[in-house]
Amino acid sequence: MGPRRNHLIWLSLVGLALCFAPSISRWWALGFLTLPFVALGLWRRIDPPPPPQRVTLDGEGVTRELRGGKTERVSWKELIEVSVLTTSDGPFGDDFFWMLRGRDGGGCLVPGPLAGDLMGRLQRLPRFDNEQAVRAAGSTTEAHFLCWKGEAGEGLVAAEPAPTISAARTEPRVAPS
């Protein structure tokens, strides 16, 4: 819970308590009770939400453009480790992150909602542990799940997008009579 929300809760509780205080005018108490909602509106105008992040998957690797202009990138050729980090911030905050580490020690942290087709690509890595990914998806605590560890160059199998599978509906055959 952020400091702003804590302040709003305390102001609301004080306003509510003043409503029931016998020596305070009800109008003052009502005014104090509405103060947190006015403050919340002002904070939203003063401190707008940060610009969105963007994650790009291509034939070269994974790139995450962070708020503020910074960029994280790992190439498929240099990829040596795939993990999942989970937090207890859900369901109202990001609580699932793919952590892709490159041979040089750099890497890319991809929030679950921005992962797109990443899982489909990662599942093509040799020895990718789907069970660890499933365990991570069910985690509600701070945890680390190692899904794949390999050598530089093994990640190239994830460079191409997953093939599109189309299902055709066929009509049932009727035997001639």
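Every number here is computed from the coordinates shown, using simple stated rules; none is lab data. In this text, all values refer to a predicted model and were calculated from it rather than measured experimentally. A quick note on method: Cβ atoms are made from the backbone with ideal geometry, for glycine too, and the neighbour counts reach across all protein chains shown.
Overview of results
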| quantity | calculated |
| --- | --- |
| Leading residue by the ranking (farthest from A159 (Cα to Cα)) among those in the range 66-83 that are among the charged types (D, E, K, R) and in a strand (DSSP E or B) | E72 |
| Matching residues, the range 108-130, being over 12 Å from the mean Cα position of the chain (by Cα) and on the phi > 0 side of the Ramachandran plot | R127 |
| Selected residue (criterion: farthest from the chain's Cα centre (by Cα)) from residues of the range 131-140 that are within 22 Å of D94 (Cβ to Cβ) and of a type outside the set (K, R) | Q132 |
| Any hit, the range 92-110, residues being charged (D, E, K, R), buried (at least 17 other Cβ atoms within 10 Å of the Cβ) and closer than 14 Å to A137 by Cβ | yes |
